[in-house]
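Reading through the structure tokens given below for one structure.
Only the coordinates and a few stated rules stand behind these numbers; no lab work does. None of the values given here were measured: they were computed from a predicted structure. Ideal geometry is used to build each Cβ from the backbone, glycine not excepted, and the neighbour counts take in all protein chains shown.
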């Protein structure tokens, strides 16, 4: 099984998942997957989302919440989930606006565990 298989597996379990990537702490994608006809600029989104995650982690830590494990962003056209896999890697998933956040978070947690075992 490859990282791409893990990411594509999220889409098979929830068709609302439009794209996903395994991303390094530097913001560069290691592996990515897009649903057919998805036009998002995933590498650019990943670079920005990792910066966003790291800033959220700093804020959470400084305010006594502990280290961030996940960040969720809801927009009018879709949602983005960023989950820490290890200290050096993140999973970034982009969904349609109609995707169920709880299901996406659950599936992302499973994918993070699979990915951690593969690293």
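Would you mind finding the one in 37, 68 that is over 11 Å from the mean Cα position of the chain (by Cα), loosely packed, with under 12 Cβ neighbours inside 10 Å and not in a strand (DSSP E or B)?
37
Regarding residue 27, is this residue touching a helix residue (DSSP H, G or I) at 6+ places or on another chain (Cβ under 7 Å), buried (at least 17 other Cβ atoms within 10 Å of the Cβ) and at positive phi?
Judged against the criteria, residue 27 is a match.
Residue under question is residue 9, and the condition is that it be within 17 Å of residue 113 (Cβ to Cβ), touching a residue at least 12 places away in the same chain (Cβ under 8 Å) and part of a helix (DSSP H, G or I); does it hold?
So residue 9 fits the description; yes.
Just a yes or no: is a residue in segment 73-93 farther than 18 Å from residue 115 by Cβ and part of a helix (DSSP H, G or I)?
Looking through segment 73-93, none of the residues is farther than 18 Å from residue 115 by Cβ and part of a helix (DSSP H, G or I).
Take the residues in segment 95-105 that are assigned to a helix (DSSP H, G or I) and either in contact (Cβ under 8 Å) with a residue 40 or more places away in the chain or within 12 Å of the chain's Cα centre (by Cα) (or both), then tell me which one is farthest from residue 13 (Cα to Cα).
Among those residues, the one meeting the criterion is 105.
Does segment 12-26 hold any residues that are without any contact (Cβ under 8 Å) to a residue 40 or more places away in the chain and assigned to a helix (DSSP H, G or I), and which are they?
Across segment 12-26, the qualifying residue is only 12.
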